[in-house]
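This report refers to the structure that appears directly beneath it.
Quick note: the coordinates plus some simple rules give every number you see, no bench work behind them. Computed from a predicted structure; not experimentally measured. Methodologically, a virtual Cβ is constructed for each residue, glycine included, from the backbone with ideal geometry; neighbour enumeration extends over all protein chains shown.
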């Protein structure tokens, strides 16, 4: 069994209520612009929020995504996981601290997130895909010598959680 220590990012997110009502302000505008705004809102905006992954009923990973100046930013909590040879979690725990998300790019419905360890120049990437309104899956992209983690289930926290 190999151990995979991963340091993620956690930041407080705030989403402007104005972004949710942008479509309602386009009533008198051409239909092409309305379609464009709706499509934009349904892109990476869908990922905004606080997401939690659990192992045996305890949170081991928290991802906070927010939209700032048309760019997704946020943090991922530090965590430590152990995987078996098939990539299944055998243990997982959240650690103190978090690291910033330095890039988040949406391609074909998958959000590729790049994290940076604040104590070094090391980066880590993961992929996130939505599976429901408040549900998603995440997988870490790891070097070839580490068991490839399977997708982890994420749940979006309700406001204030």
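The ranking of 63, 101, 110 from fewest to most other beta carbons within 10 Å of each one's beta carbon is 110, 101, 63. Averaging 1/r over every pair of different alpha carbons in segment 42-161 and inverting the result gives a Kirkwood radius of 14.7 Å. Counting neighbouring Cβ atoms within 10 Å and putting the fewest first, the residues 76, 146, 48 line up as 146, 48, 76.
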